[in-house]
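The values are calculated or read from the model by the stated rules, or taken from the named source; none is laboratory data. These numbers were taken from a predicted model, which means no experiment stands behind them. No Cβ is skipped: glycine too gets one built from the backbone with ideal geometry, and neighbour counts run over all protein chains shown. The protein model used for the area step is the full one, side chains on, heavy atoms only, and it has no ligands, DNA or RNA in it. Shrake-Rupley method; radii C 1.70, N 1.55, O 1.52, S 1.80 Å.
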Amino acid sequence: MAATTESVKADAAEAPLLNKRNMFLGVLLYVVFYGWVRWYEGVYGWSAGLDSFAPEFETYWMNFLYIEFVLEVTTAGILWGYIWKTRDRKVMSITPREELRRHFTHWTWLVMYATAIYYGASYFTEQDGTWHQTIVRDTDFTPSHIIEFYLSYPIYIITGVASFLYAKTRLPAYQQGLSLQYMVSVIGPFMILPNVGLNEWGHTFWFMEELFVAPLHYGFVFFGWAALGVMGVVNTEVASISKLLKKDLA
Amino acid sequence: MSASQSAVRSRAEAVKASRTFDWLICFTLFFVVLGGYHIHYMLTGGDWDFWTDWKDRRLWVTVAPIVSITFPAAVQSMLWWRYRLPFGAVLCVLGLLLGEWINRYLNFWGWTYFPVNFCFPSNLMPGAIVLDVILMTTGSMTATAVIGGMAWGLLFYPGNWPIIAPLHVPVEYNGMMMTLADLQGYHYVRTGTPEYIRMVEKGTLRTFGKDVAPVSAFFSAFVSILIYFLWHFFGQWFNKTDFVKAA
C-alpha cells in the first residue's frame, strides 16, 4: 500500500511525456506574432512603404529592419548557445522513458519548425508576389522583403537549427553521426536566405517589375526542395519511437 | 540503460503515445510539405496560377501539371512505399491549396485588393485523387507514373473547366477580340504587365477553344509521366535515414 502510494506520488510529480501547454503556446506565439506583422504591413505598407527615399520609410521600415536584425542575431545566439551548453554528455545512458519524453520535446520543436516554414515559404513568399505586382520597387529593402526575407526566413532558420541541435544533443538516435536528411531539411531552407543575395543582385541588374516564374528565382525553388528532407527525419523518428514502444504495443 | 526497461507504464499509455506521435507527424509533414511545395509551385508555375488572364488554353495547361506533379510523386514514395498510406498526392495538393487560398484571400485581396475571382488558384484535386487511387489499386510505381501521370496532365483542364469557362468567353472591346479573362487583366494592370502580355498564349494557333487545350494537355501528360519517374527517385533519396560522420 505504502509502496503504491509512493509510486502514484512519483507519477504525479513526474513531468508529462508531452508538454501540450508549451506546444500550443509555441504555435500561438507564431500565429499571434505574424498576425501582428500582417497588421503592420497592412497599415504601414501603404502609408509609409511606397517610396524608399521618404523619411517615413526610414522610420517605419528601415528601423523595423535594423531592430529585427539585432533581435534575430541575439535570439539565435542565446537559443542555440543554451541548447548546446546544456547538452547531455551521457546521452547514451538515459532511461527509455526519458528518451521517449525527449522525442516528444523534439516533436514539439518540429511542430514549431513546420509552423515557421509555413509562414516563411508559403505565406510571406507568395505575399511578396502580389506586393511587387502592385508596387514598383525602388529599393531591395521593400516592406514585403523586410518581412519575408529578413524576418520570416531567419525565424524558420532559428527554429530549424534549434530543432536539429536538440536532436543532436539529447537523443540517442542521432549519435551515430550527423543525420544527412535532417541537415538537408534544415540547411536547404537556410540556403534560401543567402540566395536572396543572387535575387536582389539580379533584380537590381535586370528587372524591377515582378515575374515570379523568372529563372532568377529558381535558386529558391532548388533549396525549397530540401524541405522534403523532413521525410527522412520522420523515418528516423518512426524507427526509434517504434523501438521504444514496440514491446508494449505488441 | 536496461534493455528490459519499458518507456511506458502500460499498454494504454503506449497506444496513447503512439497516437499522439501520429498527430504530431501528420501536422509537421503537412505543413513542411506545404511550405516546400508552395514555394516550388509559385516560382515555377506561379504566374499561371495567380491570374485568370494567364490561365490560357496553352501554357497554363502545359506548365501547371508538369511542375505540380513533383511533390506528389516524392511524397507518395514515402507514404505508400514505406507506410502503405495511399494519400501522398492528396496530402500535397490539400496543403498547396490551403496555402494558396489563405494567401489569395488575405494577401492578394486583403493587402493589394485584387478581387478573388481574378486570382483564385488552379484546382489540382481531381488529378491527385486519381494518382493516389491508381497507386493504391495497382501497387506499381510504373503504372502510377504512366497511367497516373498521364491522367494528372489530361485531367487538369477538365478539372478547372467549370471554374474558368465563364472567363474564356470571347468579348469584343474597343474593336479588339479577347476573352473576359484578358479583359480582367487589362483592368488590373500589374507591374509585370508588359512582360505578361508578351508571354500569355503566344503562338500562331490562338483560338477560343478547339484543338489547343487538348493538344497542350496531352503534351503536358507526356512530360508529367517523365517528371513522375524522376521525382519518385528524388523522393526515395529524401526518404533515406543516412548519417555522415562528423569530421
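Those residues that are more than 17 Å from the chain's Cα centre (by Cα) and either hydroxyl-bearing (Ser, Thr, Tyr) or at positive phi (or both), I need them from segment B:57-87; list them, please.
B:Tyr83, B:Arg84, listed by residue number.
Taking segment A:231-249 as the region of interest, how many residues are open to solvent by 10 Å² or more (accessible area, probe 1.4 Å) and either in contact (Cβ under 8 Å) with a residue 24 or more places away in the chain or facing chain B (nearest Cβ under 7 Å) (or both)?
Within segment A:231-249, the subset open to solvent by 10 Å² or more (accessible area, probe 1.4 Å) is A:236, A:238-244, A:246-249.
If we keep only those that are either in contact (Cβ under 8 Å) with a residue 24 or more places away in the chain or facing chain B (nearest Cβ under 7 Å) (or both) as well, we get A:236, A:239-241, A:244, A:247-249.
Number satisfying all stated conditions: 8.
Is it the case that some residue within segment A:119-129 is open to solvent by less than 30 Å² (accessible area, probe 1.4 Å), within 17 Å of the chain's Cα centre (by Cα) and farther than 30 Å from B:Thr193 by Cβ?
No, because not a single residue in segment A:119-129 is open to solvent by less than 30 Å² (accessible area, probe 1.4 Å), within 17 Å of the chain's Cα centre (by Cα) and farther than 30 Å from B:Thr193 by Cβ.
A:Thr139 - would you say it is among the hydroxyl-bearing types (Ser, Thr, Tyr) and closer than 22 Å to A:Val70 by Cα?
Yes, satisfied.
So, A:Thr105, is that one open to solvent by 10 Å² or more (accessible area, probe 1.4 Å) and not in a helix (DSSP H, G or I) or not?
no
From B:Tyr157, B:Tyr105, B:Tyr113, grab the single residue that is within 14 Å of chain A (Cβ to nearest Cβ), closer than 30 Å to B:Leu180 by Cα and assigned to a helix (DSSP H, G or I).
The unique qualifying residue is B:Tyr105.
When the residues of segment A:154-195 are filtered to those that are more than 8 Å from chain B (Cβ to nearest Cβ) and part of a loop (DSSP other than H, G, I, E, B), which remaining residue is farthest from A:Ser240 (Cα to Cα)?
Filtering segment A:154-195 for residues that are more than 8 Å from chain B (Cβ to nearest Cβ) and part of a loop (DSSP other than H, G, I, E, B), the one farthest from A:Ser240 (Cα to Cα) comes out as A:Gln175.
Pick from segment B:79-120 the residues that are among the polar types (S, T, N, Q) and buried (at least 24 other Cβ atoms within 10 Å of the Cβ): which of them is nearest to B:His40 (Cα to Cα)? Don't jump to the end; show me each part of the working.
Step one: list which residues in segment B:79-120 are among the polar types (S, T, N, Q), which gives B:103, B:107, B:112, B:117.
The next check asks that each one be buried (at least 24 other Cβ atoms within 10 Å of the Cβ); those that pass are B:103, B:107.
Working: B:Asn103: 15, B:Asn107: 19 Å.
In this case the residue turns out to be B:Asn103.
Restricting attention to segment A:172-185, does a residue exist that is among the β-branched types (Val, Ile, Thr) and over 30 Å from B:Trp80 (Cβ atoms)?
Taking every residue of segment A:172-185 in turn, none turns out to be among the β-branched types (Val, Ile, Thr) and over 30 Å from B:Trp80 (Cβ atoms).
Among the residues of segment A:92-112, are any over 17 Å from the mean Cα position of the chain (by Cα) and more than 14 Å from chain B (Cβ to nearest Cβ)?
There is no residue in segment A:92-112 that is over 17 Å from the mean Cα position of the chain (by Cα) and more than 14 Å from chain B (Cβ to nearest Cβ).
I want to confirm something. Restricting to segment B:1-32 and keeping residues that are open to solvent by 70 Å² or more (accessible area, probe 1.4 Å) and part of a loop (DSSP other than H, G, I, E, B), which single residue is modelled with the highest pLDDT?
Step by step, filter segment B:1-32, then rank; the result is B:Arg9.
Within segment B:1-47, count every residue that is of a type in the set (Phe, Trp, Tyr) and touching a residue at least 40 places away in the same chain (Cβ under 8 Å).
Summing the residues that are of a type in the set (Phe, Trp, Tyr) and touching a residue at least 40 places away in the same chain (Cβ under 8 Å) in segment B:1-47 gives 4.
Would you tally the residues in segment B:34-56 being open to solvent by less than 10 Å² (accessible area, probe 1.4 Å) and more than 7 Å from chain A (Cβ to nearest Cβ)?
8
The conditions are (1) within 13 Å of another protein chain (Cβ to nearest Cβ); (2) more than 18 Å from B:Ser220 (Cβ to Cβ); (3) touching a residue at least 12 places away in the same chain (Cβ under 8 Å); (4) not in a helix (DSSP H, G or I), and B:Pro121 fails exactly one of them. Which is it?
Unmet condition: (2).
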